[in-house]
1. Quickly run through the stretch 216-231 and pick out the residues that are more than 25 Å from the chain's Cα centre (by Cα) and more than 14 Å from T140 (Cα to Cα).
2. Could you check the stretch 147-168 and list, in sequence order, the residues that are surrounded by 17 or more Cβ atoms within 10 Å (Cβ to Cβ), touching a helix residue (DSSP H, G or I) at 6+ places or on another chain (Cβ under 6 Å) and not β-branched (V, I, T)?
3. Please count how many residues of the stretch 92-108 are surrounded by fewer than 18 Cβ atoms within 10 Å (Cβ to Cβ) and touching a residue at least 24 places away in the same chain (Cβ under 8 Å).
4. With respect to V212, determine if the residue is surrounded by 17 or more Cβ atoms within 10 Å (Cβ to Cβ), part of a strand (DSSP E or B) and of a type in the set (A, V, I, L, M, F, W, C).
5. Given the criterion without any contact (Cβ under 8 Å) to a residue 60 or more places away in the chain and within 20 Å of T196 (Cβ to Cβ), identify the matching residue among V112, V78, V69.
6. Just to be sure I understand, how many residues within the stretch 41-74 are within 23 Å of Q254 (Cβ to Cβ) and not hydroxyl-bearing (S, T, Y)?
7. Answer yes or no as to whether P83 is part of a loop (DSSP other than H, G, I, E, B), surrounded by 14 or more Cβ atoms within 10 Å (Cβ to Cβ) and modelled with pLDDT of 90 or more.
8. For E171, indicate whether it is surrounded by fewer than 17 Cβ atoms within 10 Å (Cβ to Cβ), of a type outside the set (V, I, T), in the same structural domain as G138 (by the TED database) and not in a strand (DSSP E or B).
Amino acid sequence: MMKRIAVIGYGAIAKDVLKALQALIDTHHIAILVHTRSALSDADLASLPTTAEVTQEPARLWSFKPDLVIEAAGQAAVAQYVPACLSAGADVLISSIGALADTDLYAELLKVAQQFQRRILLPAGAIAGLDYLQSIQGATALQVIYESHKPVAAWLPELVALGIAPASVQEPLTLFEGSAAEAAKRYPQNLNVAATLALAGIGMEQTQVRVVVDPHIQENQHHILIRSEYGEMRLQLSNTPAPSNPKSSWVVAQSIAAVVKKEFAQLRIA
């Protein structure tokens, strides 16, 4: 059973994850290491579990000898840290799943994980239905269509970059239509869901994605359609945006924490 967990990054998601794991940390006396690029503020330090250690030194990630590393620092951190974490003997939970749209990186991580007999864990994040999708992955006529509907506040920099004044968006605006591969690369902070669906189903190139900026909604909405010879699933979720990051759903941190909790559970719903 794991006794040492390292967390890469200490932004909104990492803070909420550790908060959700506090009881588990206390019960099982789990040592925590938080790796950050820069020193934390006094307020951030005060929010850490009392037993947590903080470091800015990558080498400390390896000498700490974690059983599990939680990546919560963005897509660049996946390439920068995850291969070394796997080769150092740790399982790795990746929150920035869109990074795996890079086929070369994806292949490298699988190769390293196999070589060192480690696991790469991917949380469901903001969506549901992945168990159904995985169960019919071998279907001969499988179709996966995903639509992301988010408020204007989730797309401010992207709209400005396109020369669109956010205040001028009065009706739903289609920002993107294409493959999950392109969606994850183009919008790394917004479309981890597309990459997760693709990896659970028919791949990055075949999974269809539509991105809509909707001024009439307050939640992050996810519309998923899965069709095959086994039947059809239509799923819609409306998630509360994370208070400090409207691009992400608040439930994402809870999903990451749930993956960790399963490692300690005597009963698992598979």
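The values are calculated or read from the model by the stated rules, or taken from the named source; none is laboratory data. Note that the structure is a prediction, hence the values are computed from the model and not measured. Positions of Cβ are backbone-derived with ideal geometry, glycine not excepted, and every protein chain shown enters the neighbour counts.
1. The first filter runs over the stretch 216-231 and keeps only residues more than 25 Å from the chain's Cα centre (by Cα), leaving 216, 228-231.
If the condition is that a residue be more than 25 Å from the chain's Cα centre (by Cα) and more than 14 Å from T140 (Cα to Cα), then H216 is the only one that fits.
2. L159
3. 3
4. On the way: surrounded by 17 or more Cβ atoms within 10 Å (Cβ to Cβ): yes; part of a strand (DSSP E or B): yes; of a type in the set (A, V, I, L, M, F, W, C): yes.
Taking the combined requirement at face value, the residue satisfies it.
5. Criteria check complete, one pass: V78.
6. Going residue by residue through the stretch 41-74, those that are within 23 Å of Q254 (Cβ to Cβ) are 43-44, 46-52, 66-74.
Applying the additional criterion that residues be not hydroxyl-bearing (S, T, Y) yields 43-44, 46, 48-49, 52, 66-74.
Count: 15.
7. Working: part of a loop (DSSP other than H, G, I, E, B): no; surrounded by 14 or more Cβ atoms within 10 Å (Cβ to Cβ): yes; modelled with pLDDT of 90 or more: yes.
So P83 does not fit the description; no.
8. The answer is yes for E171.
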